[in-house]
Amino acid sequence: MPSRKFADGEVVMGRWPGSVLYYEVQVTSYDDVAHLYTVKYKDGTELALKESDIRSQSSFKHRKSQSSSSSPSRRSSSRSRSRSRSPGRPAKGRRRSASQSREHKEDKKKTIQETSLALPVLVLFKPSENNTKRYNGEPESTEKNATSCIILEQKLKPDLEIKRVLEQYSLRSRKDDKKKEEIYSEKKTFAAVKPIEKVPTKTKELEFGGRIGTFMLILLLPATVFYLLLMCKQEDPSLLNFPPLPAVESLWDGRVFGVILLWFFLQAVFYLLPIGKVVEGLPLSSGRKLQYRINGFYAFILTAAAIGVLLYFQFELHYLYDHLMQFAVSAAAFSLALSIYLYARSLKAPEEELAPGGNSGYFIYDFFTGHELNPRIGSFDLKYFCELRPGLIGWVVINLAMLLAEMKIHNLSMPSLSMILVNSFQLLYVVDALWNEEAVLTTMDITHDGFGFMLAFGDLVWVPFVYSLQAFYLVGHPTTITWPVAAAITVLNCIGYYIFRSANSQKNNFRRNPADPKLANLKFIPTATGKGLLVTGWWGFVRHPNYLGDIIMALAWSLPCGFNHILPYFYVIYFICLLVHREARDEHHCKQKYGLAWERYCQRVPYRIFPYIY
């Protein structure tokens, strides 16, 4: 195996993929398997380059000195030769004087030098989506209105004409001109292939504690769900009062597992119904966009109608309360079987379809995080389907079952005020998610994480059986609250929901159409990717205002359970830990993706989730 030529930290010249332009870069790492160097440009962009696309700085300095030494003197001695091959040479009757010719050449040289730094921007980015001033050495404003994109596009139109002139009037020597066809052929070949930065490489930075951490999570996550459900059945659900373990044979029921399969199949049928609009997701690494049918809200309506029919025919829905542990065990077994299938099929998936965060080469880690990004059976997207359908709608059904169980066990003519609040708040959250289903296409779960045990277990087990913990707790531990307290909790939930929904709507609308006149008051920091980072509105308040709204709502869901035990507050504690960890992952990915623009954004918006605290 050949040894590496450039060391980590070495400053070299790297060729930008798809062009013959070289820029000063710093080597950050080297992949021994793929033989690719990870380099960092001055604007913070990181790419993977082949060794043949990297040259030392000394070679460029040497070549530059040769070029400069041969310019004014040799140009004057070979003036007739240059004129004979100049495409812009005037006719004999209109030939300029020597002084005019020199002035013309000096002006042409000056124009080319001034525009040479602007050309890489035209090659790399869309003019309407980026700021080119920092590449030209001009001062750059850190904030821009959304409507400035249109003005910037008009300003950059002359640069396209300058680029055409630069290609026509080349300053290369005669020796370089002989290689013109070879270089042009190389450019065509390079442009025809996939850009090198889009080639998936092995995942180097392991999250969740690496192989050991993910192995422990595979064991701890199901154990945590079972422990919480057993604790809720205890008369005294204190942390120190560990519940007795049930008999193993009592945890499994074939009929319950059949109900889980039927539920999954029913939601799959609703997903495949030709109702609702079809939208495109974000571009994949190959540039392709997948299509998704948005009909989650219709699936919820159909499910509600099916549940209503069952209740009309006297079906005892509180059966879920009596056998909730068996349902959780069956759902966990199904999610494990689904995870095994997903990993097995990912071994045959093309390289470009693998998840960027789940391609480490370690079985346990890739099995947990997900090896394939968007596993599909035909047009049926397994990850997208599980993200909102079986678990999220199942969460509402379990809450309803807990409400009916409370009324039956305690002989109530109507549910308690605490149970009504919990069911209402969480129903609003689920309906909102399904109504705004399209927004999930831009989340990290869809765009970055593969579909493995983490998402399969989380969507099908953790969400329906842990998120319904407050309702399950209230059945065995009724809590009475007054109307003023209920009103205060309702206001708190509304505040959290308003922050959550308005922040997400602001972000999604800006991503769809930054030039929308309705968003003209928003300011943003342009990035090298063509996207903008909002610095006004909710996203100028904290970096993740949607997380702040989520946490406020989570607190409002737990307050109706009182303060006798910490168990119903497990959801709030867990959710804070989850969102802080996810925020750290977001920070890491955004810093790699946006470079210096993200650092400027962090200076502009210093608080991550909690204003003036964190």
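Taking the condition closer than 19 Å to Pro356 by Cβ, surrounded by fewer than 17 Cβ atoms within 10 Å (Cβ to Cβ) and either of a type in the set (A, V, I, L, M) or modelled with pLDDT under 75 (or both), does Val39 pass?
When the stated conditions are applied, Val39 does not pass them.
Among Asn508, Asn521, Asn504, Asn546, which is in a loop (DSSP other than H, G, I, E, B) and in contact (Cβ under 8 Å) with a residue 12 or more places away in the chain? Walk me through it before giving the result.
Details: Asn508 fails: in a loop (DSSP other than H, G, I, E, B); Asn504 fails: in a loop (DSSP other than H, G, I, E, B); Asn546 fails: in a loop (DSSP other than H, G, I, E, B).
Only one candidate passes the filter, namely Asn521.
Please tell me if Pro356 is surrounded by 13 or more Cβ atoms within 10 Å (Cβ to Cβ), touching a Leu at 6+ places or on another chain (Cβ under 6 Å), in the same structural domain as Leu455 (by the TED database) and more than 24 Å from Val396 (Cα to Cα).
no
Scan region 383-396 and give yes if some residue there is closer than 24 Å to Lys202 by Cα, assigned by the TED database to the domain that holds Val440, open to solvent by less than 10 Å² (accessible area, probe 1.4 Å) and not in a loop (DSSP other than H, G, I, E, B), otherwise no. So that I can check it myself, show each step before the final result.
Step one: of region 383-396, the residues closer than 24 Å to Lys202 by Cα are 383.
Now restrict to residues that are assigned by the TED database to the domain that holds Val440: 383.
Still in the running and open to solvent by less than 10 Å² (accessible area, probe 1.4 Å): 383.
Next, only the ones that are not in a loop (DSSP other than H, G, I, E, B) stay: 383.
Yes, region 383-396 has at least one match.
What about Phe264, is it surrounded by 17 or more Cβ atoms within 10 Å (Cβ to Cβ) and more than 25 Å from Gln326 (Cα to Cα)?
no
Can you give me the number of residues within region 221-261 that are over 24 Å from Thr303 (Cβ atoms) and surrounded by 12 or more Cβ atoms within 10 Å (Cβ to Cβ)?
The number of residues fulfilling the criteria is 17.
Just to be sure, is Lys202 outside the structural domain of Thr369 (by the TED database) and either open to solvent by 40 Å² or more (accessible area, probe 1.4 Å) or over 24 Å from Met444 (Cβ atoms) (or both)?
Judged against the criteria, Lys202 is a match.
Given the residues Ile377, Ile409, Ile398, Ile420, which is the only one that is in contact with a Pro (Cβ under 8 Å, 6 or more places away or on another chain) and of a type in the set (A, V, I, L, M)? Break it down into steps so the answer makes sense when it comes.
Numbers: Ile377 fails: in contact with a Pro (Cβ under 8 Å, 6 or more places away or on another chain); Ile409 fails: in contact with a Pro (Cβ under 8 Å, 6 or more places away or on another chain); Ile420 fails: in contact with a Pro (Cβ under 8 Å, 6 or more places away or on another chain).
Answer to the selection: Ile398.
What is the one condition in (1) surrounded by 18 or more Cβ atoms within 10 Å (Cβ to Cβ); (2) assigned to a loop (DSSP other than H, G, I, E, B); (3) among the small types (Gly, Ala, Ser) that Ala299 does not satisfy?
(2)
Condition first: part of a loop (DSSP other than H, G, I, E, B), open to solvent by 60 Å² or more (accessible area, probe 1.4 Å) and either touching a residue at least 12 places away in the same chain (Cβ under 8 Å) or more than 20 Å from Asp449 (Cβ to Cβ) (or both). Now tell me which residues in region 276-295 satisfy that.
Correct list: Leu282, Ser286.
What tally of residues in region 341-382 results from selecting those that are assigned to a helix (DSSP H, G or I) and of a type in the set (Asp, Glu)?
The number of residues fulfilling the criteria is 4.
Conditions: (1) over 30 Å from Tyr498 (Cβ atoms); (2) aliphatic (A, V, I, L, M); (3) surrounded by fewer than 21 Cβ atoms within 10 Å (Cβ to Cβ). Ala405 meets all but one. Number of the miss?
Tallying (1) over 30 Å from Tyr498 (Cβ atoms); (2) aliphatic (A, V, I, L, M); (3) surrounded by fewer than 21 Cβ atoms within 10 Å (Cβ to Cβ), Ala405 fails exactly one: (3).
Go through region 601-614 and report how many residues are assigned to a helix (DSSP H, G or I), in contact (Cβ under 8 Å) with a residue 24 or more places away in the chain and either over 14 Å from Thr529 (Cβ atoms) or not assigned by the TED database to the domain that holds Leu533 (or both).
Final tally of qualifying residues: 2.
The values are calculated or read from the model by the stated rules, or taken from the named source; none is laboratory data. Treat the numbers as computed from the prediction; the structure is a model and nothing was measured. Positions of Cβ are generated from backbone atoms using ideal geometry, with glycine treated the same way; all protein chains shown enter the neighbour counts. The area values use the complete protein model at the heavy-atom level, side chains included, leaving out ligands, DNA and RNA. Shrake-Rupley method; radii C 1.70, N 1.55, O 1.52, S 1.80 Å.
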